[in-house]
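The values are calculated or read from the model by the stated rules, or taken from the named source; none is laboratory data. Since the structure is predicted, the reported quantities are computational estimates derived from the model, not experimental observations. Cβ coordinates were reconstructed from backbone atoms using ideal geometry, including for glycine residues, and neighbour counts include every protein chain displayed.
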Amino acid sequence: MANLIDLEKTRKHLALALEVVRHDRWVFGGLRDGRLRVIGDSETEKEPPVQPIFMQLSHLSRRCLFERHPIAVSSVVDPVGYDDWERDWPALIYVPIGVPKTRPVGLLIVGCSKEHWYTQDEIDYVAALGVTLTASVSSLTGPLGRLNVDERHAAQLIAEGLSDSEVAQALAIEPDAAHQLADAVLRKLSLRSRFDLRDLFPYHTRIRPHLV
């Protein structure tokens, strides 16, 4: 069974995973109203903001999301400033967050403040990290954002193929409470079947048909 989505673990794992790629900053988030709702920013990891932060999408961000594939830019010119890292830094990678060949749910940006040419292996590696962030970003900025914490946990367990009694055991609650959570999840997400939850957890599901 996959672990329940944990935002802090996601941030820490991403930071560790990016240690093998030269960079000075990374930012990732979900898309909302044509902007990027920042979920993780390496510059604020020690003191996470209390209120949500939104970033305007740059031209390259929009191009990456529209084309649904990574974009890397490199320059031999030293940065002229640091007020706008996307504009001033010489090396950046933009990768869509989401299931490949589908509409992205978010964006991951990795940048280097010094001259650097990202290799194709580095670009592919960061792109793969973007895919792994799909469930976390969707849970916060996608349809799953409508659910409270208990409902979100129940939703992932149901998507795994667990029955109400198994959900109750996993969450240490009564079976009736688990059934109510399942009903609330389907109602809030406007889903007809528990089976439909698979699409919201594309990389965390192990559906067992006899439990659906």
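Could you list, in sequence order, the residues of the range 157-176 that are surrounded by 15 or more Cβ atoms within 10 Å (Cβ to Cβ) and either on the phi > 0 side of the Ramachandran plot or aliphatic (A, V, I, L, M) (or both)?
Selection gives Leu157, Ile158, Ala159, Gly161, Leu162, Val167, Ala168, Ala170, Leu171, Ile173.
Looking at the range 142-152, is at least one residue touching a Leu at 6+ places or on another chain (Cβ under 9 Å), touching a residue at least 24 places away in the same chain (Cβ under 8 Å) and under 27 Å from Glu86 (Cα atoms)?
The answer is yes, given that some residue of the range 142-152 is touching a Leu at 6+ places or on another chain (Cβ under 9 Å), touching a residue at least 24 places away in the same chain (Cβ under 8 Å) and under 27 Å from Glu86 (Cα atoms).
Please specify each residue of the range 103-142 satisfying the condition of being crowded, with 22+ Cβ neighbours inside 10 Å, more than 9 Å from the chain's Cα centre (by Cα) and assigned to a helix (DSSP H, G or I).
Val126
Can you list residue pairs whose Cβ atoms sit under 6 Å apart, with the first residue in the range 168-191 being closer than 15 Å to Arg152 by Cβ and the second being exposed (fewer than 15 other Cβ atoms within 10 Å of the Cβ)? Count only pairs 6 or more apart in sequence or on different chains.
Cβ pairs passing all conditions: Lys188/Arg146.
Determine whether the range 61-68 contains at least one residue that is small (Gly, Ala, Ser) and modelled with pLDDT under 95.
Residues of the range 61-68 small (Gly, Ala, Ser): 61.
Now drop any that are not modelled with pLDDT under 95, which leaves none.
No - not one qualifying residue is present in the range 61-68.
Does Arg37 satisfy the condition of being at pLDDT below 95, charged (D, E, K, R), touching a helix residue (DSSP H, G or I) at 6+ places or on another chain (Cβ under 6 Å) and crowded, with 18+ Cβ neighbours inside 10 Å?
Values: at pLDDT below 95: yes; charged (D, E, K, R): yes; touching a helix residue (DSSP H, G or I) at 6+ places or on another chain (Cβ under 6 Å): yes; crowded, with 18+ Cβ neighbours inside 10 Å: yes.
Answer is yes for this residue.
Pairs needed: first member in the range 17-40, touching a residue at least 40 places away in the same chain (Cβ under 8 Å); second member anywhere, surrounded by fewer than 15 Cβ atoms within 10 Å (Cβ to Cβ) and charged (D, E, K, R); C-beta distance under 6 Å; at least 6 residues apart or different chains.
Pairs found: Arg25/Glu43.
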